[in-house]
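To start, the structure itself, in structure tokens.
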Amino acid sequence: MINEVLSRSDGQPDAIELHNVSNQTIDLAGWYLSDDWGWDPTFVTGNYKRFLIPADASHVLAPGGYVVFDEDDFNPTPLAPAPNHFALNGAEGDDVWLMRADVTGKLTHFGDHVSFGAQANGESWGRWPNGGLADGEGDVYPMAVPPTLGSENTTLRIGPVVLSEVQYYPGIFHENFNAGT
């Protein structure tokens, strides 16, 4: 699953962390990462097949394992990007898809999808609790700085404003206000 995303950090490339929440080893060779939706590789309707995860021993995840792909992987030539290269939009927010393919490259499964809003500089968005809920689902939230790419998500960002109490019973407020109290 997609566990943490960094898309806005001066001096550090965009990064996507994957985490194996299953009890089985998973070989990610032949899977795809993308920031674009759709089945059409001509970009008429989008393209789930942007970055092909290569066969590599470090891309075989043991149960509980992590792997991080950064912009050097999925956008290696940012000044002259190839058609499938991509970068994440930290200023406005973005989406990331993880897609599984068969040995011929035909997409067979949605692995995961996360959507996140604008990021503060140096702040990642991650699953909380780490790895998401018991079923591997869950939203991503702003994480405490610094990012924990390649390891467990440990702390959410809290603040700078925290609502600690909300009074809701409009009838009492309205009656007291009208009575001058």
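Remarks
- Qualifying position, being open to solvent by 20 Å² or more (accessible area, probe 1.4 Å), in contact (Cβ under 8 Å) with a residue 24 or more places away in the chain and of a type in the set (Val, Ile, Thr), among VAL162, VAL68, VAL166: VAL68
- Test: ALA82 is surrounded by fewer than 16 Cβ atoms within 10 Å (Cβ to Cβ), assigned to a loop (DSSP other than H, G, I, E, B) and touching a residue at least 24 places away in the same chain (Cβ under 8 Å): no
- Some residue of the range 130-146 being at pLDDT 90 or above and either among the polar types (S, T, N, Q) or part of a strand (DSSP E or B) (or both): yes
- Subset tally (residues that are closer than 19 Å to VAL140 by Cβ and either surrounded by 15 or more Cβ atoms within 10 Å (Cβ to Cβ) or free of Cβ contacts under 8 Å to residues at least 40 places away in the same chain (or both)) for the range 85-104: 13
- Matching option when the condition is modelled with pLDDT of 85 or more and among the aromatic types (Phe, Trp, Tyr), among PHE177, PHE116: PHE116
- Test: residue in the range 92-101 that is assigned to a loop (DSSP other than H, G, I, E, B) and over 13 Å from ALA15 (Cα atoms): yes
The values are calculated or read from the model by the stated rules, or taken from the named source; none is laboratory data. Just so it is clear, the structure is predicted and the values come from calculations on it, not from any experiment. In this analysis, Cβ positions are derived from the backbone assuming ideal geometry, glycine residues included, and neighbour counts consider all displayed protein chains. Remember, those area values only see protein heavy atoms, side chains included, never the ligands or the DNA or RNA. Shrake-Rupley method; radii C 1.70, N 1.55, O 1.52, S 1.80 Å.
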